[in-house]
Every structure is written in structure tokens, then in C-alpha cells.
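Have a look at the structure below before the remarks.
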Amino acid sequence: MARGRLAALIAAALIGSAACTSAPGATTAAGCTVGVSWNNYQQPRWAKADEPAMKTAIEAGGGKYIRTDAQDKEDQQLSDIDSLINQGAKVLIVLAKDNKAILPAIEKAKAANIPVISYDRLIEDASTFYITFDNEGVGTLMAEEILKAVPSGNYVVIKGHKADPNADFLRGGMDKAGLKAKVDSGDIKIVFEDYTDTWRTEAAQENMETALAQSNNDVDAVLSENDSMAIGVVAALDKVGLAGTVPVSGQDGDEANLNNVAKGLQLVDVWKDAFALGETAGAAAIQLCTGTKLADITAPSTLKDHVKPEAGNKAQPFTTPNGTTVQSIVLKPTPITAANLDIPISLNWITKEKACAGAKPDVAACK
């Protein structure tokens with residue numbers, strides 16, 4: 001499944017590399033070591049898509065990929081970044097567990113003149129380059145689908161990790177979709193809302209079980225901010241006989257969740273083409289290796305229409321919640337429901353067999 005996609009990634013990265021090395025004053029990326037600090041591998045997409053696409057783009061551009069896994073520990077991630085610097089990393093790509101706890105490591109990188117890409121999770125530092133999906137837009141897409149299905153009633157909001165800015169970006173997007181207006185009018189009552197430690201499935205299930213207990217199981221819809229948490233939400237609903245009757249949201253396009261969409265256990269899964277995100281980060285790292293300025297970084301020209309940034313392929317300024325301006329590339333997400341499950345299948349994100357196992361008979365993509 002991945003061979004065709006990875007071949008495309010190699011071609012894209014080579015194009016980006018050629019463009020960079022031809023720039024006046026640019027240096028070759030050959031031998032440039034790119035160090036990647038992953039906060040964990042608990043979410044399936046990192047190992048499935050982000051990392052292989054990133055690694056392929058870096059190596060195709062002449063660079064060397066090295067990485068660490070902090071196993072969801074803040075102190076370990078700080079040590080990991082020290083290790084990457086000591087191993088000769090010339091560019092760092094950081095998926096931060098905590099955007100505040102990571103700042104000492106960012107200062108060390110700055111002192112060593114090592115550019116940092118904040119990957120998928122914002123780091124509040126003007127010297128970093130931010131690559132992500134439109135997280136506020138993800139929240140909007142989730143809420144739009146849930147609100148269409150359940151325009152009134154009792155809602156539960158299962159938010160992500162409190163120290164991850166994405167949790168609040170997503171929540172803000174939900175309000176932009178009309179959730180706040182519905183709450184203000186009294187059409188919707190939020191009977192439970194809380195953050196979930198490290199986006200964990202088990203913690204989300206505990207939150208959902210608390211929500212059900214507090215509401216006497218009177219819940220009409222659940223806005224879960226990602227797929228790993230949605231699995232926990234569905235498990236809690238299943239315990240009280242409500243799985244499949246209460247619409248649930250998620251994001252990431254995890255295989256189990258796309259299958260749950262087909263089975264009617266999850267209404268919407270906002271898919272973020274993580275192959276494209278990893279490819280974009282790898283291509284950006286190669287550009288930084290050749291001396292490209294943050295404001296001049298571009299996304300690969302081969303990105304497909306479903307992910308192309310609304311503002312164009314060149315870096316754009318992004319204002320953080322704290323008022324800091326960082327340069328960024330923000331890709332588009334895609335909401336997946338039973339009506340358009342064919343999209344991730346046709347793009348080889350998931351096989352039809354995996355997506356459609358146990359599917360409801362009316363799911364067109366599974367017929």
C-alpha cells in the first residue's frame with residue numbers, strides 16, 4: 001500500500017531539494033543530519049505515516065534522519081533533544097509533549113544556531129517554524145457534522161491534553177461552527193467538558209464514564225477531539241448500551257476509527273493526511289539545511305488538492321495564542337463520514353477490507 005505513496009514522496013522531495021540547492025548562496029543538503037524528537041508512539045499515525053514520509057523526504061533531499069522517542073515524558077524529551085544536538089543534528093523537528101516544558105531545549109537549539117520545526121503541535125517561539133493542519137478548522141469540521149446530526153440536546157466535550165495548544169484550537173473551532181450559539185440559545189446543554197491527560201484512550205473512557213454517571217446516561221452527542229479518545233468514548237457508551245446511537249467525533253483517520261465510521265459507532269473522523277504532513281516537514285528540514293530563511297520555506301509542489309494550504313504553498317505568518325508570530329505551513333483537513341469513506345480508501349490510507357469489516361449495509365464505499 002505504501003510503496004506508491006513513498007515513491008511519490010521521494011520525487012517530491014527531490015524536486016524541493018533541487019529548488020533549494022539552486023538558490024544563490026545555498027549549501028548542499030548532502031550529509032545534513034535532521035534530528036526528530038517524537039513525544040511518543042502511542043498514536044498509530046506517527047509510525048504509520050508521519051515518520052516514514054518524513055524520513056523518505058529527508059533522505060531523498062540528501063539528508064540523514066535520526067530520531068528519539070520520549071515515551072510521553074517531558075524530562076526525557078529534553079534529554080532527547082540534547083542527545084540529538086550532540087549527535088550533530090543541523091535541524092530539529094520536534095513533536096512537543098508540552099509546549100512550555102520544551103522551551104529550555106528550544107533555547108539550547110537557538111544557542112547552537114540549529115533551526116527548529118514545531119511539528120503538529122505549536123511551540124511559542126518566534127524562531128521556530130510551525131507545520132500543522134488547520135486545527136481550529138478540524139474542530140469546526142467535527143462540530144459541523146455532529147450539529148447536523150444532533151442540532152439540540154445534551155452534549156459531552158472530551159478535550160485533549162491541557163498542555164497541548166491543539167486542544168484549545170479544536171475547542172475554539174467547535175464554537176465557530178455554531179456550538180457556542182446553540183449553547184447560548186439553550187438548544188444545547190454541555191453536561192460534561194474536560195481535558196484528557198495525554199490524549200489517552202483510557203483517560204478519555206474515564207472522562208466519558210464520569211459524564212454518563214453525572215448525566216444519568218442522558219447524552220445525545222459527544223465531541224471527542226481525536227481518534228484515540230473516541231475509542232475510549234465508544235467503549236464507555238458500549239458499557240451502557242449507547243454505542244452506535246450517540247454520534248461521536250474524532251480526528252486522525254486511525255484505521256480502527258474509520259472502521260467505526262463504517263460500523264456506525266463514530267459519526268465523523270476528520271482525516272489529516274499525515275503522509276503529506278510528514279513530507280512537508282521533511283522537505284522544510286532540507287530547505288533549512290541549505291540555508292533557506294523561515295519566511296521563504298515552501299510546501300512540496302506535489303501536494304494533492306485535499307491538503308494544499310488555503311494560503312498557498314509558501315510560508316505564512318501565524319499568530320499564536322500568546323501573540324507571538326511564527327512562520328508556518330498549515331495543511332487542510334478532510335471530514336470523513338460514511339458518505340465519503342471512499343476518499344481514504346481511494347488514496348491508499350486504508351484498505352477497503354479494513355475500513356469495511358462489519359460495516360453497516362448502507363455504506364456505499366463498502367458495497
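The values are calculated or read from the model by the stated rules, or taken from the named source; none is laboratory data. These numbers come from a predicted model, not from an experiment. For neighbour counting, all protein chains shown are included, and Cβ atoms are generated from backbone atoms with ideal geometry for every residue, glycine included.
Every residue, every condition in (1) over 15 Å from the mean Cα position of the chain (by Cα); (2) more than 19 Å from residue 42 (Cβ to Cβ); (3) among the basic types (Lys, Arg); (4) surrounded by 24 or more Cβ atoms within 10 Å (Cβ to Cβ), yes or no:
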| residue | (1), (2), (3), (4) |
| --- | --- |
| 256 | yes, no, no, no |
| 264 | yes, yes, no, no |
| 267 | yes, yes, no, yes |
| 299 | yes, yes, no, yes |
| 312 | yes, yes, no, no |
**Asked** On the given criteria, is residue 63 over 21 Å from the mean Cα position of the chain (by Cα), modelled with pLDDT of 95 or more and either surrounded by 23 or more Cβ atoms within 10 Å (Cβ to Cβ) or aromatic (Phe, Trp, Tyr) (or both)?
**Response** yes
**Request:** Looking for whichever is in a helix (DSSP H, G or I) and either touching a residue at least 60 places away in the same chain (Cβ under 8 Å) or out of contact with any strand residue (DSSP E or B) (no Cβ under 7 Å at 6 or more places or on another chain) (or both) here; the options are 312, 278. Which one fits?
**Result:** 278
**Fill in**
Selection from segment 208-243 of residues touching a Ser or Thr at 6+ places or on another chain (Cβ under 6 Å) and either aliphatic (A, V, I, L, M) or farther than 20 Å from residue 145 by Cβ (or both) yields 223, 229, 230, 231, 233
**Asked** What is the residue count in segment 289-309 for residues that are farther than 23 Å from residue 168 by Cα, part of a loop (DSSP other than H, G, I, E, B) and of a type outside the set (Ser, Thr, Tyr)?
**Response** 10
**Message:** Need a quick list: helices (runs of 4 or more DSSP H) entirely within segment 84-186 having at least 3 residues that are closer than 26 Å to residue 297 by Cβ.
**Reply:** 103-111, 135-149, 165-176
**Request:** Confirm whether residue 168 is farther than 14 Å from residue 224 by Cβ, charged (D, E, K, R) and in contact (Cβ under 8 Å) with a residue 24 or more places away in the chain.
**Result:** yes
**Request:** Can you work out which of the residues in segment 122-137 that are charged (D, E, K, R) and touching a helix residue (DSSP H, G or I) at 6+ places or on another chain (Cβ under 6 Å) is farthest from residue 324 (Cα to Cα)?
**Result:** 136
**Prompt:** Which one of the conditions (1) surrounded by fewer than 23 Cβ atoms within 10 Å (Cβ to Cβ); (2) in contact with a helix residue (DSSP H, G or I) (Cβ under 6 Å, 6 or more places away or on another chain) does residue 229 fail to meet, given that it meets all the rest?
**Reply:** (1)
**Message:** residue 307 - would you say it is within 21 Å of residue 134 (Cβ to Cβ) and modelled with pLDDT under 95?
**Reply:** yes
**Prompt:** Which members of segment 118-148 meet the condition of being among the β-branched types (Val, Ile, Thr) and more than 17 Å from residue 164 (Cβ to Cβ)?
**Reply:** 140, 146
**Request:** Identify all residues within segment 309-360 that are among the small types (Gly, Ala, Ser) and closer than 14 Å to residue 257 by Cα; write none if there are none.
**Result:** 338, 355, 357, 358, 359
**Request:** Within segment 324-341, identify whether any single residue is part of a helix (DSSP H, G or I), within 16 Å of residue 131 (Cα to Cα) and aliphatic (A, V, I, L, M), and answer yes or no.
**Result:** no
**Request:** Please give the number of the condition residue 17 fails out of (1) modelled with pLDDT under 50; (2) polar (S, T, N, Q); (3) surrounded by fewer than 18 Cβ atoms within 10 Å (Cβ to Cβ).
**Result:** (3)
